[in-house]
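Have a look at the structure below before the remarks.
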Amino acid sequence: MDPKRKAITAAVVGTALGVGGLAVVAMPATAGDAPVLPQISAEELVQSTLNAKPSAFDGKVKVSNDLGLPQVGSTLPGVSALDVDSAQISTDGAGKSKVSLTEGSSQQTIVRNGQTVWEYNSKDNSATKVTIPDGLAKEHQEESKNVDPATVASELLGKVRESSTIAVSGTASVANRSAYELVLTPKPAERTLLREIRVAIDDQTRLPLRVTVLANGTSSPALEVSFSEINFAAQPASNFEFTPPKGAKVTEKTAEVDPKNRELAEQAKSDLKVVGDGWDTAITGKIPADALAKAGQAKDEEGRQVDPKALLSRFAKPVSGAWGSGWLVTTKVGSGVLTDDGRYAVGAVPEQVLFEALAAK
């Protein structure tokens with residue numbers, strides 16, 4: 001999945017967990033009178049959300065962010081993907097989906113229907129039809145589940161519930177729907193850059209309509225993604241069909257996995273290690289040498305050669321310790337370290353936690 005689609009998936013589900021939960025999307029409370037709903041305990045609300053089945057719906061999502069990301073402009077591929085203005089989303093609740101993203105005057109559309117995926121970009125009027133063979137269909141199906149808001153919100157709740165103080169803090173109206181406000185606060189022993197997570201959960205469907213994450217030392221959300229409109233109803237089959245516009249340049253291909261790329265992915269997976277749990281979890285691993293070599297051949301969005309070390313020096317801080325030396329990147333909601341020999345550590349945690357994770361055997 002390319003950087004743009006990864007960012008869109010994050011917007012759709014209302015959470016950008018990244019590796020180890022570096023960022024979570026947020027939206028401030030909607031103005032207006034809070035709806036009156038039956039009382040419910042925090043545990044009951046969590047359980048009913050975890051057990052909720054995906055719903056068919058069509059909705060509009062508004063996106064903005066204040067993550068404190070480095071100002072690297074077009075020199076860092078994929079960064080502009082976080083500048084999506086809005087998204088129109090349809091799903092049948094069983095795997096078919098359509099996402100239309102608006103960024104300025106251009107629009108990107110991604111339609112998933114069984115073993116066929118269409119991707120269309122209005123900027124250059126190009127469309128790509130990808131057919132997924134039977135051998136990859138199951139992997140693709142598992143990946144598609146990550147687009148469902150209930151699934152990802154459930155994973156988030158599962159990761160931090162044991163290390164959090166959880167409470168129901170009133171109600172809210174989101175996209176003209178009545179919702180409960182669930183608040184998760186890290187317990188005192190947790191070392192994290194995050195202050196609290198607020199999840200607005202639909203009263204009837206238990207679908208998360210809004211997730212708010214506040215970082216320590218800030219009064220406003222770091223990233224905002226919220227349903228501004230949503231309609232829970234069976235979606236017509238035509239929503240998940242796509243016909244390229246007149247004059248579009250169409251490319252057709254069959255999805256396949258390069259054995260070498262799969263080997264690299266398996267190696268990276270075997271090097272992956274989770275240090276800690278809950279809010280102060282750090283993920284460590286090692287970037288394969290071949291992947292580092294490819295990074296040295298990367299080009300930016302304007303086709304210019306990218307020098308990884310020169311790029312790092314623009315937005316990262318050189319650091320060193322008993323674990324070695326490397327570069328530190330920080331945002332309001334997380335930090336990451338890339339060592340000179342290709343190891344990394346990331347998390348929604350202070351840099352010292354990452355240094356300790358790198359030094360851990």
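The values are calculated or read from the model by the stated rules, or taken from the named source; none is laboratory data. Computed from a predicted model, the values in this text were never measured in an experiment. No Cβ is skipped: glycine too gets one built from the backbone with ideal geometry, and neighbour counts run over all protein chains shown. Heads up: the accessible areas ignore ligands, DNA and RNA and are worked out on the full protein's heavy atoms, side chains in. Shrake-Rupley method; radii C 1.70, N 1.55, O 1.52, S 1.80 Å.
Brief remarks on what is shown
- Candidates in segment 79-122 are the residues that are over 17 Å from the mean Cα position of the chain (by Cα), of a type in the set (A, V, I, L, M, F, W, C) and open to solvent by 30 Å² or more (accessible area, probe 1.4 Å); of these, the one that is modelled with the lowest pLDDT is 94.
- Scan segment 203-226 for residues that are out of contact with any helix residue (DSSP H, G or I) (no Cβ under 9 Å at 6 or more places or on another chain) and closer than 28 Å to residue 99 by Cα and the total you get is 11.
- Across segment 83-127, the number of residues qualifying as part of a strand (DSSP E or B), closer than 26 Å to residue 222 by Cβ and touching a Gly at 6+ places or on another chain (Cβ under 8 Å) comes to 2.
- When segment 337-361 is filtered for residues that are crowded, with 18+ Cβ neighbours inside 10 Å, within 22 Å of the chain's Cα centre (by Cα) and under 18 Å from residue 216 (Cα atoms), the ones remaining, listed by number, are 346, 347, 348, 349, 351, 354.
- The residues of segment 194-205 that are open to solvent by 40 Å² or more (accessible area, probe 1.4 Å) and touching a residue at least 60 places away in the same chain (Cβ under 8 Å), listed by number, are 198, 203.
- Check on residue 64, assigned to a strand (DSSP E or B) and modelled with pLDDT under 90: yes
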